[in-house]
1. So, counting K/R as plus one and D/E as minus one, what does the shell of residues with Cβ under 10 Å around Tyr129 add up to?
2. Give me, ordered by chain and number, the residues 5 or more places off Lys4 or on other chains with an amide H under 5 Å from its own placed amide H.
3. Return the distance in nm (one decimal) between the two label points of a simple spin-label model at Arg171 and Lys108, each offset 7 Å from Cα along Cα→Cβ.
4. Under a point-charge model restricted to the Cβ atoms of Lys and Arg (+1) and Asp and Glu (-1), what is the dipole moment magnitude of the chain relative to its Cα centre, in debye to the nearest 20?
5. Any idea how far apart Glu77 and Ser47 come out in nm if each label point goes 7 Å out from Cα toward Cβ?
6. Considering only region 48-99, what is the antiparallel percent among its DSSP beta bridges, to the nearest 5?
7. In the structure displayed, which of Lys50/Lys164; Lys66/Lys164; Lys31/Lys174; Lys94/Lys156; Lys50/Lys116; Lys45/Lys174 lie more than 19 Å apart, Cα to Cα?
8. Of the candidates Ala80, Ala124, Ala55, which one comes out as most mobile in a Gaussian network treatment of the chain with C-alpha springs shorter than 10 Å?
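A short reminder: the numbers here are calculations on the coordinates, not readings from a lab. Keep in mind that this is a model prediction, so the values were computed, not measured. Positions of Cβ are generated from backbone atoms using ideal geometry, with glycine treated the same way; all protein chains shown enter the neighbour counts.
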Amino acid sequence: MSDKIGILYSSIDGQTHKICDFIKDKLEQKKQKVGLYSIENFGSKISDYKIFVIASSIRYGVHHKKIIDFINAHKKELDATKTVFISVNLVARKPEKNTPETNPYVVKFFKTIHWKPSLVEVFAGKLDYQKYPFWDRIMIQLIMWMTKGPTDKNTKIEYTNWEKVAQLAERISKM
Ligand SMILES: Cc1cc2nc3c(=O)[nH]c(=O)nc-3n(C[C@H](O)[C@H](O)[C@H](O)COP(=O)(O)O)c2cc1C
């Protein structure tokens, strides 16, 4: 039986990666062995891990296609181990939309995918307009305007609640 925890993530602007890296550090402080992989460079087997964590941010309402494809292609192996799913998005900055039961993307995701992880968590991501290509910035400004968020093009806010991320790491270490 493996004694290692695997963390697989897909991140475009780096926030999901940062969250997974933070979880890895916390788990290592608890003397756990952790392998952290981007979806682009995962080459091992899920059965090599005692717990397998999958994390993806949301872009235009959906989790990354490569993550969805990975879950669908490895459903059997995922069902045979303890698993955790993490969603990162900006809607989760709102207290009433920051749990797996109340975040619309997470709720919808589990209606469309036949996988039931042992644990699901959702974290607010980062807003950084200057990082986005022009049209993406316009679209996010529009979404923010509609959801009463900041629209100034120089806004850079990390909404991630690191205390909540630390709590998830704690829960994973006890799984
Ligand atoms: C092009 C683009 C589209 C996005 N679409 C959504 C969205 O539909 N809903 C949402 O809540 N957040 C959305 N976000 C916010 C991201 O989920 C958030 O910035 C997250 O921190 C990005 O994670 P990453 O840095 O790991 O890619 C979007 C961000 C970008 C740049």
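1. +1
2. Under 5 Å from the amide H of Lys4 lie the amide H atoms of Lys50, each far enough along the sequence or on another chain.
3. 2.3
4. Values: 30 positive and 19 negative charges, 42 e Å.
Around 200 debye, computed over the chain.
5. Simple spin-label model gives 0.9 nm for this pair.
6. Details: 2 of 9 bridges.
Taking every DSSP beta bridge with both residues in region 48-99, the antiparallel ones total about 20 percent.
7. Working: Lys50/Lys164 23 Å; Lys66/Lys164 26 Å; Lys31/Lys174 12 Å; Lys94/Lys156 17 Å; Lys50/Lys116 16 Å; Lys45/Lys174 22 Å.
Lys50/Lys164; Lys66/Lys164; Lys45/Lys174, as the Cα separations exceed 19 Å there.
8. Ala80
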